[in-house]
Amino acid sequence: MYPDDMPVLTFLAEDSGNPSKTGLHESRSRNVRHHEIQVLSGGHYLHWTQSPAMAEGINAFLKRARSRPAT
């Protein structure tokens, strides 16, 4: 569980072979007002194989998170 006011971005590997992982991460973030899951092609080492896509995703996520009104 995360604090409900903490934006949470999760990257998942598409090639994990385990579709239940998405549901697991969704349930962990259920209480969070701003959460996103981004599925990228690749295996466990996404930070090596998908670093440009992850950087772009992080920047876009932070931009959206900053533009949301504080509650």
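The values are calculated or read from the model by the stated rules, or taken from the named source; none is laboratory data. Because the structure is a prediction, the values reported are computed rather than measured. Neighbour counts run over all protein chains shown; Cβ positions are idealised from the backbone, glycine included.
Within the range 51-70, which residues are of a type outside the set (A, V, I, L, M) and in contact with a Phe, Trp or Tyr (Cβ under 8 Å, 6 or more places away or on another chain)? Once the filter is applied, which keeps residues that are of a type outside the set (A, V, I, L, M) and in contact with a Phe, Trp or Tyr (Cβ under 8 Å, 6 or more places away or on another chain), the range 51-70 yields only Gly57. Does Arg66 satisfy the criteria of being loosely packed, with under 12 Cβ neighbours inside 10 Å and in a loop (DSSP other than H, G, I, E, B)? Judged against the criteria, Arg66 is not a match.
So is His44 at negative phi, at pLDDT below 90 and surrounded by 14 or more Cβ atoms within 10 Å (Cβ to Cβ) or not? Step through it out loud before you land on a result.
Numbers: at negative phi: yes; at pLDDT below 90: yes; surrounded by 14 or more Cβ atoms within 10 Å (Cβ to Cβ): no.
Spelling it out, it is not the case that His44 is at negative phi, at pLDDT below 90 and surrounded by 14 or more Cβ atoms within 10 Å (Cβ to Cβ).
For Glu56, the test of being touching a helix residue (DSSP H, G or I) at 6+ places or on another chain (Cβ under 7 Å), of a type in the set (D, E, K, R) and closer than 30 Å to Pro69 by Cα is failed. Taking each residue of the range 3-25 that is over 9 Å from Val39 (Cβ atoms) and among the basic types (Lys, Arg) and looking for partners that are modelled with pLDDT of 75 or more and assigned to a strand (DSSP E or B) with beta-carbon atoms closer than 8 Å, six or more apart or interchain, yields Lys21/Leu12. Under the condition of being closer than 21 Å to Pro7 by Cβ and either in contact with a helix residue (DSSP H, G or I) (Cβ under 6 Å, 6 or more places away or on another chain) or free of Cβ contacts under 8 Å to residues at least 24 places away in the same chain (or both), the residues counted in the range 37-49 number 5.
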